[in-house]
Amino acid sequence: MVEENQAAEAHTLDRYGFIVSSDEHGPLRQPTRQSIEKEHERIQKWTWMLNHWQGFHHTRKFRQRVRKGIPEQFRGVVWQKLLASRVLYEHHELENPFKSVYSALLTQTNEEAAITIEKDITRTFPSHAMFRSDNTAGKDALEHNLNAFACYKPEVGYCQGMGFIDGVLLMYMSEKEAFWALRQIVVDRMPGIFNTGFPMLQVRFKQWNKLLSKREPAIFKALARHNIDASFYTTQWFMTLFIYAAPFEVAVRIFDCFCCEGVKIVFRVGLTYIAALKKTILKAPFEQVMVAIQRTPLTLELFESAIDLKLKSAEFALPDEGRKVMVR
Amino acid sequence: MAESEEYYDYLFKLVLIGDSGVGKSNLLSRFTRNEFLYESKSTIGVEFATRNLKMEGKTVKAQIWDTAGQERYRAITSAYYRGAVGALLVFDITKRATYDNVDRWLKELREHADPDIAIMLVGNKTDQPHLRGVSTAEAQQKAREAKLSYFETSALSGDNVEASFTELVKEIYSIASRAQIDVAGSSWVPTQFRPDHAESVPLGGPAKPASNGGCC
């Protein structure tokens, strides 16, 4: 029995570092010869694009390639460039090695945040090699990042859900780089989502309801009839960008698009996901509807059919986001 | 089996509340699936599970809701309380701060839940007696003052989990079945048991089988 347990401890990991036996992130595909060749081709294209970044990253072609998935080995670098966190990192951490902003933040404490953070560290990616109970490196980095952020922006502090985003960042970059990427996401890309009172989350709920009632009126009515509030199922989407529940290979693809195109991808994927459950939502009783919405896996196929869904930015733009779009 | 899943005489919506990390999600999984996850994720958004219980020959479906415990999440939980007839207010007996927050959770219930909601105080994690920070007597005292019942549980060992949920359901059942008699005699009925709240407690006799068994 003991031996069996020890054998089980020598885990097989998938390409993302999750324990394979864990069903948490869904079944995994084995790469085929064809998919490997295709990946090599993509790597060459991406190497070229990284070398021609300035002239290329605003193009439609670039966006299309992001939608097809950033090659695994470039994800960390490309995310940082797209989030513009790389610049902050270089400025705050590298320019003066004796004055690291991040290191200074690590010497501070936000007492209230620290208590909640501590409880969440082992509950963030429990089946990932970096964050498992028997591995301290990833968990320490996560705890440091979240505590540093709570000191950096005390008005946001720590909110449950942030850890899932930071955890993904830490799988692809160093602790300091991840901190600045987290900063960009929470402060710049998702302003107000995590703040006390959830001001922006409430805005997103309204936008979601509006979009759903326009695009899928029958579903909207059925959900309303069941008293299924948007907050029940979209909270995870807007806070963790589907990282919380989606199979990991889909979650990183969504994250690629988020870094490039912003929150639009959340609406696209959400709408496609809900539309795929239409039959259940319209016909099944309340409990089956709830279970379907919460448990149906978000497949790669579903994600790929969501990418090109046409949405008007105005449908979910914030007043100042709208301006940004105009300026571009 | 199919019958026990789909037919019920009463449907009670119960909510799990309490600070982050006290074990709400594991109490839910222990009660509804007899499972305890050592490696569970923090709850974001809303989780939900059901279990049917027998009460005096009637089938009661307990529909139990679980949500994030962090204080700021209360900004979006008003819909969570809608129609709830029972609440398990959970604290961690090894973490005093989670017990000190019980009064704030009671206030939260007063503000958002039905005034007649049945509340049970639950001290979880009795599998760690060496770390206990709240004595049984003290918690019992608080429960008495607030007119709540009190149970100590371990979601990990399963100790008392069944008993606590069942007791809460029994409490609600006795009010509901009394209310049903009262409905007949058209006297006072607690608001959440009125027929127009029937979404939570159908009073029109044996409940329909879940209308569309065959989904998708």
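The values are calculated or read from the model by the stated rules, or taken from the named source; none is laboratory data. Every value quoted in this text rests on a predicted model; they were computed, and no experiment measured them. Please note: Cβ atoms are built from the backbone with ideal geometry, for glycine as well, and neighbour counts cover all protein chains shown.
Do you know which residues across segment B:38-90 are within 7 Å of chain A (Cβ to nearest Cβ) and either in a loop (DSSP other than H, G, I, E, B) or of a type in the set (Gly, Ala, Ser) (or both)?
Of everything in segment B:38-90, those that are within 7 Å of chain A (Cβ to nearest Cβ) and either in a loop (DSSP other than H, G, I, E, B) or of a type in the set (Gly, Ala, Ser) (or both) turn out to be B:GLU39, B:SER40, B:LYS41, B:SER42, B:ILE44, B:GLY45, B:ALA68, B:GLN70, B:ALA75, B:ALA79, B:ARG82.
Which of the residues spanning segment A:83-98 are charged (D, E, K, R) and more than 23 Å from A:VAL263 (Cβ to Cβ)?
Answer for segment A:83-98, where residues must be charged (D, E, K, R) and more than 23 Å from A:VAL263 (Cβ to Cβ): A:GLU90, A:GLU93, A:GLU95.
Quick check on this structure: which one of A:GLN207, A:GLN184 is more than 17 Å from A:ALA150 (Cα to Cα) and either surrounded by 20 or more Cβ atoms within 10 Å (Cβ to Cβ) or not assigned by TED's automatic domain parsing to the domain that holds A:ALA104 (or both)?
Checking each option against the conditions leaves just A:GLN207.
Would you list the helices (runs of 4 or more DSSP H) that sit entirely within segment A:214-311 and hold 3 or more residues that are under 24 Å from the mean Cα position of the chain (by Cα), without any contact (Cβ under 8 Å) to a residue 40 or more places away in the chain and not assigned by TED's automatic domain parsing to the domain that holds A:GLN184?
A:230-240, A:264-276, A:286-295, A:300-307
Select from segment A:182-213 the residues that are among the polar types (S, T, N, Q), more than 17 Å from the chain's Cα centre (by Cα) and under 29 Å from A:SER85 (Cβ atoms) and list them in ascending order.
Hits for segment A:182-213 are A:ASN195, A:THR196, A:GLN202, A:GLN207.
For residues that are farther than 20 Å from B:TYR38 by Cα and in contact with a strand residue (DSSP E or B) (Cβ under 8 Å, 6 or more places away or on another chain), tally how many sit in segment B:92-121.
The total comes to 14.
Based on this model, can you work out whether B:ALA143 counts as crowded, with 16+ Cβ neighbours inside 10 Å, away from chain A (no Cβ under 14 Å) and not in a strand (DSSP E or B)?
Spelling it out, B:ALA143 is indeed crowded, with 16+ Cβ neighbours inside 10 Å, away from chain A (no Cβ under 14 Å) and not in a strand (DSSP E or B).
Among B:THR32, B:THR98, B:THR50, which is the only one that is in contact (Cβ under 8 Å) with a residue 12 or more places away in the chain and more than 17 Å from the chain's Cα centre (by Cα)?
B:THR98
Could you list all residues from segment A:106-141 that are more than 12 Å from chain B (Cβ to nearest Cβ), in a helix (DSSP H, G or I) and buried (at least 19 other Cβ atoms within 10 Å of the Cβ)?
Of everything in segment A:106-141, those that are more than 12 Å from chain B (Cβ to nearest Cβ), in a helix (DSSP H, G or I) and buried (at least 19 other Cβ atoms within 10 Å of the Cβ) turn out to be A:GLY138, A:LYS139, A:ALA141.
So which of B:ALA68, B:ALA79 ends up being small (Gly, Ala, Ser) and touching a residue at least 12 places away in the same chain (Cβ under 8 Å)?
B:ALA68
Give the residue that is surrounded by the fewest Cβ atoms within 10 Å (Cβ to Cβ), with candidates limited to residues of segment B:91-128 that are β-branched (Val, Ile, Thr) and either part of a helix (DSSP H, G or I) or within 14 Å of another protein chain (Cβ to nearest Cβ) (or both).
B:THR94
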